[in-house]
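Enquirer: Right, I'll just put the structure down here and ask away after.
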Amino acid sequence: MTKEITFSPREIIVSKTDLSGKITYANRVFMRVCNYPESALLGEPHRVIRHPDMPRGVFYGMWKTLKAQEEFFGFVKNSTYDGNYYWVFANVTPDYEGQKPVGYYSVRRVAPKEALSDVNALYQKMRDIEKKCDKASAPKTSWAWLLDYCEQNKHVSYDAFVLNHYQQYR
Ligand SMILES: Cc1cc2nc3c(=O)[nH]c(=O)nc-3n(C[C@H](O)[C@H](O)[C@H](O)COP(=O)(O)O)c2cc1C
């Protein structure tokens with residue numbers, strides 16, 4: 001049985017990557033929660049902690065946003081080294097040295113439990129959409145569905161939807 005790993009609302013999970021998404025820094029809270037030794041994180045692609053329940057479309061949206069030099073917000077379910085999982089609310093931003101883009105960093109806080117039933121339902125729907133598409137178009141299609149869902153059903157942008165959803169239950 002896999003179990004949910006939690007952390008304190010006072011803590012933040014931080015990591016940094018290079019421009020290709022390889023991990024260059026992980027804070028202590030990150031290592032404790034995901035239960036990875038530092039040596040198994042540094043230099044590895046960030047997808048090492050990807051949980052199979054995460055729709056590919058969320059990461060498509062994350063990278064699209066980052067490549068446009070904008071910050072991304074989103075709920076993310078991650079895997080731990082020993083096969084458990086944890087949920088976060090992530091803020092991922094481009095990282096600069098002066099004017100030069102050098103990578104990205106992510107700051108994550110506890111995802112409020114009450115927020116997750118809606119998020120789980122949306123991610124389930126995205127996974128269903130992805131299963132019906134060919135592999136190449138799946139992430140783009142499910143991301144477009146999520147943006148459209150926020151605009152049509154919630155009458156707000158994706159950013160406003162996730163930020164409201166996080167703040168509402170925090
Ligand atoms: C700063 C940063 C933080 C990231 N954090 C995570 C994370 O916590 N979990 C995750 O699955 N992917 C994270 N990603 C996205 C991964 O790089 C990757 O796109 C994702 O796991 C999906 O894998 P794929 O791109 O091979 O499909 C992060 C990317 C960046 C740039």
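Enquirer: Quick check on this structure: which one of Glu38, Glu70 is more than 12 Å from the ligand (Cβ to nearest atom), farther than 24 Å from Glu130 by Cβ, acidic (Asp, Glu) and loosely packed, with under 15 Cβ neighbours inside 10 Å? Spell out how you get there, then give the answer.
Expert: Working: Glu70 fails: farther than 24 Å from Glu130 by Cβ.
On inspection, the qualifying residue turns out to be Glu38.
Enquirer: Which residues, counting only those in segment 73-96, are loosely packed, with under 15 Cβ neighbours inside 10 Å and within 24 Å of Ala121 (Cα to Cα)?
Expert: Across segment 73-96, the qualifying residue is only Gly83.
Enquirer: Consider Ala111 carefully, then state whether it is of a type in the set (Gly, Ala, Ser) and farther than 17 Å from Leu146 by Cα.
Expert: yes
Enquirer: Mind telling me which of the residues Gly43, Gly57 ends up being more than 8 Å from the ligand (Cβ to nearest atom) and closer than 21 Å to Asn164 by Cα?
Expert: Gly57
Residue-by-condition table, conditions (1) in contact with a Phe, Trp or Tyr (Cβ under 6 Å, 6 or more places away or on another chain); (2) modelled with pLDDT under 95; (3) of a type in the set (D, E, K, R):
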residue: Asp118; (1), (2), (3): no, no, yes
residue: Ala121; (1), (2), (3): no, no, no
residue: Glu130; (1), (2), (3): no, no, yes
residue: Asp134; (1), (2), (3): no, no, yes
residue: Ser137; (1), (2), (3): no, no, no
residue: Trp145; (1), (2), (3): no, no, no
residue: Cys150; (1), (2), (3): yes, no, no
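Enquirer: Another one. Is it the case that Arg109 is more than 10 Å from the ligand (Cβ to nearest atom), farther than 18 Å from Lys22 by Cα and not in a helix (DSSP H, G or I)? Steps first, please.
Expert: Numbers: more than 10 Å from the ligand (Cβ to nearest atom): yes; farther than 18 Å from Lys22 by Cα: yes; not in a helix (DSSP H, G or I): yes.
The answer is yes for Arg109.
Enquirer: In segment 41-63, which residues are among the aliphatic types (A, V, I, L, M), assigned to a loop (DSSP other than H, G, I, E, B) and surrounded by 18 or more Cβ atoms within 10 Å (Cβ to Cβ)? Even if it seems obvious, please write down each step before you answer.
Expert: Restricting attention to segment 41-63, the residues satisfying the condition of being among the aliphatic types (A, V, I, L, M) are 41-42, 48-49, 54, 58, 62.
Applying the additional criterion that residues be assigned to a loop (DSSP other than H, G, I, E, B) yields 41-42, 54.
Selection gives Leu41, Met54.
Enquirer: Only one of these conditions is not met by Tyr81: (1) within 10 Å of the ligand (Cβ to nearest atom); (2) touching a residue at least 24 places away in the same chain (Cβ under 8 Å). Which number is it?
Expert: Evaluating Tyr81 over (1) within 10 Å of the ligand (Cβ to nearest atom); (2) touching a residue at least 24 places away in the same chain (Cβ under 8 Å) leaves (1) as the failure.
Enquirer: Among the residues of segment 12-28, what is the count of those that are crowded, with 16+ Cβ neighbours inside 10 Å and either assigned to a loop (DSSP other than H, G, I, E, B) or away from the ligand (no atom under 13 Å from the Cβ) (or both)?
Expert: 2
Enquirer: Condition first: out of contact with any Asp or Glu (no Cβ under 9 Å at 6 or more places or on another chain), among the hydroxyl-bearing types (Ser, Thr, Tyr), farther than 21 Å from Thr65 by Cα and not in a helix (DSSP H, G or I). Can you find one or more residues in segment 85-101 that meet it?
Expert: No: segment 85-101 contains no residue that is out of contact with any Asp or Glu (no Cβ under 9 Å at 6 or more places or on another chain), among the hydroxyl-bearing types (Ser, Thr, Tyr), farther than 21 Å from Thr65 by Cα and not in a helix (DSSP H, G or I).
The values are calculated or read from the model by the stated rules, or taken from the named source; none is laboratory data. Nothing here was measured: the structure is a model prediction, and the numbers come from that model. As a convention, Cβ positions derive from the backbone with ideal geometry for all residues, glycine included, and neighbour counts pool all protein chains shown.
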